[in-house]
Each structure stands twice: as C-alpha cells, then as structure tokens.
Amino acid sequence: MSGRTLGYGDLTATDAARLPSKDPDRSTTIRLTADSSGYVHGIDGASFPDTSPITVSEGERLRLKVVNDTMMFHPIHLHGHTFQMVGAGSARKDTVNVLPMSSVEVDIAADNPGQWMLHCHNTYHLETGMATVFSYRA
Ligand SMILES: [Cu+2]
C-alpha cells in the first residue's frame with residue numbers, strides 16, 4: 001500500500017465557492033463532550049435539548065472553533081449553511097470531521113435566518129445529545 005491520505009489542508013475552495021473575504025465579526029468555541037461512560041454525548045458538557053444555542057445575527061461572520069474533548073471522531077454538520085475551513089486549506093463544506101482530541105476552525109456567513117441544527121452526524125452521538133441550535137436573533 002502506498003500513497004497518502006487526503007487532508008483538509010489539501011483542499012482549496014474555487015473562486016466561485018469561496019466565501020467573500022471578510023474578517024470575522026465574532027468568534028466562539030464549542031467543545032464536543034462525552035460522559036465517563038462514553039455513551040452519552042453532548043456539547044460543552046450538556047446534552048440536547050439542554051445545550052446552549054449558538055446565537056448569531058443576520059449578516060454576521062462567525063468564526064466557530066470546534067474542540068473535540070473525546071477519543072472519538074465527530075463529523076459535525078450544520079444545516080442551512082456551508083462554512084469555510086480556516087487554517088487547514090479553505091474548503092467550503094457543510095460537515096467537518098473533528099478528530100479525537102483535536103479542533104477545527106470554520107468561518108460561517110450568517111446569511112440564512114432561521115433556527116438550524118448543528119450536530120454530530122454519527123447518529124448514536126446525535127441521539128444521545130451531541131446537538132445544538134444555530135440560532136438567529138429575532
Ligand atoms: Cu460524534
């Protein structure tokens with residue numbers, strides 16, 4: 001077996017897909033968590049629906065850091081938007097795999113008002129609480 005694994009750092013958004021250049025208006029961090037059993041998942045130590053929403057205002061550019069405090073992979077998916085990777089390449093995506101005990105940063109253009117789910121796409125992590133709401137202020 002030879003070759004190497006493609007990483008996010010290898011991916012660059014095309015001009016048509018890239019977010020317009022803009023500094024973030026605000027930054028926030030969420031931590032992906034699990035209880036000591038490893039079978040109850042959450043965000044910042046709480047399980048949905050008890051997680052705190054990520055609140056944004058329309059037109060805002062949010063830099064979101066997602067820190068994985070667990071030993072599992074978490075493909076984090078945001079509804080209603082595509083974000084742009086920061087630091088490792090510049091791919092435009094709606095799901096990013098956050099590796100165990102590591103983090104990713106993404107920029108999100110808040111351009112689609114509503115109440116959108118942000119969650120782990122591993123269904124058993126979602127069903128035990130690794131979800132929150134990406135919530136536009138009224
Ligand atoms: Cu997960």
For this session: Please go through the stretch 80-110 and pick out each residue that is loosely packed, with under 14 Cβ neighbours inside 10 Å and either away from the ligand (no atom under 16 Å from the Cβ) or aliphatic (A, V, I, L, M) (or both).
Result: 87, 99, 101
Exercise. Of all residues in the stretch 111-133, which are touching a residue at least 12 places away in the same chain (Cβ under 8 Å), among the β-branched types (Val, Ile, Thr) and within 16 Å of the ligand (Cβ to nearest atom)?
Worked result: 128, 132
Exercise. Are any residues in the stretch 89-138 modelled with pLDDT of 95 or more, more than 20 Å from residue 41 (Cβ to Cβ), among the hydrophobic types (A, V, I, L, M, F, W, C) and part of a loop (DSSP other than H, G, I, E, B), and if so, which ones?
Worked result: 110
Seminar exercise, completed: Exactly one of 43, 76 is over 15 Å from residue 8 (Cβ atoms) and surrounded by 15 or more Cβ atoms within 10 Å (Cβ to Cβ), and that one is 43
Exercise. Filter the stretch 64-79 for residues that are free of Cβ contacts under 8 Å to residues at least 40 places away in the same chain and aliphatic (A, V, I, L, M); which is nearest to the ligand (Cβ to nearest atom)?
Worked result: 71
For this session: Determine whether the stretch 50-63 contains at least one residue that is within 20 Å of residue 77 (Cα to Cα), within 16 Å of the ligand (Cβ to nearest atom) and in a loop (DSSP other than H, G, I, E, B).
Result: yes
Problem set entry | Scope the stretch 32-84; condition over 18 Å from residue 136 (Cβ atoms), among the acidic types (Asp, Glu) and modelled with pLDDT of 95 or more; matching residues | 44, 50, 69
Problem set entry | Criterion violated by residue 46 - all others in (1) under 14 Å from residue 106 (Cα atoms); (2) in contact (Cβ under 8 Å) with a residue 40 or more places away in the chain; (3) aliphatic (A, V, I, L, M) satisfied | (1)
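The values are calculated or read from the model by the stated rules, or taken from the named source; none is laboratory data. Note that this is a predicted model, so its numbers are computed, not measured. Every residue, glycine among them, receives a Cβ derived from its backbone with ideal geometry; neighbour counts consider all protein chains shown.
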